[in-house]
Amino acid sequence: MDTMCAFELKRPTNVAEASALLAKPNARVIAGGTDLVPNLRRGLDAPATLVDITGIAALTALDLDRAPRVIGAGATLAHLAGDPRIGDEYPALAQAAAEVAAPAHRNAGTLGGNLCLDTRCVFYNQSEWWRASNGYCLKRRGDTCHVAPHGKRCHAAFSGDVAPALIVLGAEVEIASVDGMRRLPLAALYRDDGAKHLALAPGELIVAVHVPPAATGSHSAYGKARVRGSVDFPLAGVAMAVAFDGARIARLDVALTGTNSNALSLAGTETLVGRAADDATLAALGNLVAKQVSPMRTTVTASNYRRRVASVLVQRLLRNLAAEHATD
């Protein structure tokens, strides 16, 4: 990696101060830095100011006794993975947080950071000299997406683990700026464009996630495939929340990561409501995934392999959650 760029470090003590600093030109927020710092070392960004928000106590607060539950964006992934209250009510969220990278990354990395994870591609996440030798790429300093040279958009893949879990749980994000606060459904935070995958305006900061209480009798889980059993980003990650009426599906929500430039909410799951989680239903669900994911040549594995992995993962989750429901 190259030497990091020069920058000015600011450490605000409250959200209003952080918002004011982020409103200045070429300012970036940093918390755990597990994604941003390697990108700075590779020359993928060169902010004039880094705004360190780890000193803002309000961002680490959890309020799990109200509806909706409120989880501060500064909460670490290790905290989310290890809090028994989260594990009991939102297994998908706890499992997704536990699957991020390695323990050292989870101890430093935050909920907000994982939600805002930069998109990744084998043509982008490289050293400066490597990217320069390829004429750069559409995501930074170039005019061609090497994954799809004849296209007009970047196909770098979003690989955050916690986003799909929170999407199927019906979460909303709370966003701060100098203009005040706003909230939007978490799924609306993402756009299917690898170069501009976040629907955040310059200077905006995610401060909290609001999650509705889990419905009685609902089940959730997260599954992930990666090249190595630790550290690696997902080749495909699937989150599911399901409720049953007897042996039949009453509600089914699925979201995916690692396959598209956004955290993908699976469409068409309502067509499976009222059906048992049998082989025919599993096959229909797998087909929905295979038709909607669009993995490209952004990793070291073949695109079709990632499509098939995502399809298998979603079937496995539904089978396991149906078995869990049967033993309740």
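Mind checking which of P12, P295, P164 has the largest fluctuation in a GNM of the chain, springs on alpha carbons under 10 Å? Highest fluctuation among the options: P12. Here the simple spin-label model places points 7 Å from the Cα toward Cβ, and for A102 and A267 these points are separated by 4.1 nm.
In the list (1) 23.3; (2) 21.7; (3) 20.3, the label attached to Kirkwood radius over Cα pairs in Å as derived from the coordinates here is (3).
Annotated for the chain: lysine pairs at least 8 residues apart or interchain, Cα distance under 22 Å, count 7. Summed over qualifying helices (DSSP H, 4 residues or more, each -39500 (n - 2.57)) and divided by its residue number, the chain shows a 222 nm mean residue ellipticity of -8000 deg cm²/dmol.
With both labels modelled 7 Å from their Cα along Cα-to-Cβ, the R182 to D65 distance reads 3.3 nm.
The share of accessible area on the chain that comes from carbon and sulfur is 52 percent, using a 1.4 angstrom probe. Taking every DSSP beta bridge that has both residues in the chain, what percent is antiparallel when rounded to the nearest 5? Here the share of antiparallel DSSP bridges comes out near 85 percent.
Note on the range 218-327: Rg/Rh from C-alpha atoms, Kirkwood Rh, equals 0.98. Rounded if a/c is under 1.5, else prolate if a/b is larger than b/c, else oblate: which is the range 51-121, with a ≥ b ≥ c the root eigenvalues of its Cα gyration tensor? Note, shape of the range 51-121 comes out oblate. Near the amide H of L235, within less than 5 Å, lie the amide hydrogens of A225, R226, V227, all on another chain or at least 5 residues away, with H placed in the peptide plane. Placing unit charges on each Cβ (+1 for Lys and Arg, -1 for Asp and Glu) gives the range 218-327 a dipole about its Cα centre, and among V300, T257, A277 the Cα reaching farthest toward its positive end belongs to V300.
The values are calculated or read from the model by the stated rules, or taken from the named source; none is laboratory data. It should be emphasised that the depicted structure is a prediction, and the values quoted were computed from it without experimental measurement. Virtual Cβ from ideal backbone geometry, glycine too; neighbours counted across all protein chains shown. Areas reflect the complete protein model, heavy atoms only, side chains present, ligands, DNA and RNA absent. Shrake-Rupley method; radii C 1.70, N 1.55, O 1.52, S 1.80 Å.
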